[in-house]
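All remarks here apply to the structure that follows.
Every read-out reported here was derived from the displayed coordinates using simple, explicitly stated rules and does not represent laboratory data. As the structure is a computational prediction, the values presented were derived from the model and not from experiment. Because the Cβ atoms are built from the backbone with ideal geometry, glycine has one as well, and the counts that use them run over all protein chains shown.
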Amino acid sequence: MTHPPDATLHSASGAATQAARWGDYLALLKPRVMSLVIFTALTGLLCARTPMDPSLAAVAILCIAVGAGGSAALNMAFDSDIDAVMRRTRRRPIPAGRVQASDARGLGVTLSLFSVGMMGLAVNWLAAGLLAFTIAFYVLVYTLWLKRRTPQNIVSGGLAGALPPLVGWAAASGTAPLNAWLLVAIIFFWTPPHFWALALYTTGDYAKAGVPMMPVVRGVASTKRQILAYCLLLAPLGVVPAFTGLGGHLYLGIAIGGGLGLIALAWRLAAARPGEGDLPVGRKETLYEVRPEARPARDVFAFSIVYLFGLFAALLLERLTDAAPLFPHS
């Protein structure tokens, strides 16, 4: 296993080799992931259609954000050996030697305990319990157990990323009804095709790091078929909220159009053959600028983000504008 020089030094000494800046600690919280968590949690909170004091709603969202940041810091602390090997992650604060893993663990535990305690004391204990379960599942079940042991790691671990709208809903209403679980199910079924598409063009990194992602263990062809299968399940599932009192006309249109687009891209990916060619001289491969043969996988990965954002943005916009759902509860 080959480590970049700075990562090798850091992993051997267990200590930071450079002075950490505030931005390094912010990076430990995975702010881009946190923004998605906040967005889906806020959607769940508003879709509960339960009057809630704005200050308590703000506290609930803050607790969910802090909990997401705490679990992210713990994930980075425990996965620093993997991050040190992968091109996409080796510049993160711990493998780059700017933050000690022990400091990241301390930050993660502190933020996690604070977020759960504050949620319980200020909002309600159902939301606090669900938030605690989300953090524990992500850190203990996914990061420490499943990620390194099974190619189904993303499938099972995806539950943690799917729970924020349920936590938001419970914070507002003190309940966890079927419609809230429907939002969870959409994110849960979205997660495997999203991350497996990314893994298709970063397979070498996962193999080098010893992470049994689906393309590494089962091969590219099998992964493509499974991405298509999940998209075929996800697209109709995404339409269901329009018929359960959640979504309106805008949501239905986005769910149908987005679902068909996702299936089309997954179908093209499944049928694609390895291509040839490389990036122009001097250009480096990124998440979105890739070699020609990786573009079908890149397109599924990128469009899946647009698809999920569109679904939750439609629900949020309809709720903020008081648009009537297609089939209101009687």
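Just one of [x] 28, 56, 16, 0; [y] 32, 59, 9, 0; [z] 30, 57, 13, 0 is P(r) over Cα pairs in 20 Å bins from 0, in percent calculated from these coordinates, so which is it?
Working out P(r) over Cα pairs in 20 Å bins from 0, in percent from the coordinates points to [z].
With θ set to phi - 60° and the Karplus curve 6.51 cos²θ - 1.76 cosθ + 1.60, what are the ³J(HN,Hα) couplings of segment 51-56 in order, to the nearest whole Hz, using x for Gly and Pro?
x, 9, 4, x, 5, 5
For segment 26-36, just list the computed ³J(HN,Hα) in residue order, Karplus coefficients 6.51, -1.76 and 1.60, θ = phi - 60°, integers in Hz, with x standing in for Gly and Pro.
5, 4, 4, 8, 6, x, 5, 5, 4, 5, 5
What order do you get for 302-308, 28-34 when each peptide is scored by the mean count of other beta carbon atoms within 10 Å, highest first?
Packing order, densest peptide first, comes out as 302-308, 28-34.
Using each residue's phi in segment 120-135, evaluate 6.51 cos²θ - 1.76 cosθ + 1.60 at θ = phi - 60° and report the 3J(HN,Hα) Karplus result to the nearest Hz, with x for Gly and Pro.
For segment 120-135, the Karplus-derived couplings read x, 6, 8, 10, 6, 7, 5, 4, 5, x, 5, 5, 4, 4, 4, 5 Hz, x marking Gly and Pro.
Under 8 Å for C-alpha pairs, at least 6 residues apart: give me the relative contact order for segment 178-330, rounded to a whole percent.
For segment 178-330, the relative contact order is 31 percent.
Which net charge results for the neighbourhood of Pro193, defined as the other residues with beta-carbon distances under 15 angstrom from its beta-carbon, given Lys and Arg at +1 and Asp and Glu at -1?
In short, +4.
Give the relative contact order (percent, whole number) for the chain; include only Cα pairs under 8 Å separated by 6+ residues.
Rounded, it is 18 percent for the chain.
Name the residue from Pro93, Leu144, Val59 whose Cα lies farthest towards the positive end of the charge dipole of segment 20-176, charges +1 on Cβ of Lys and Arg and -1 on Cβ of Asp and Glu.
Pro93
What's the exposure ranking of Tyr138, Tyr230, Tyr25, going from fewest to most Cβ atoms within 10 Å?
Tyr25, Tyr230, Tyr138
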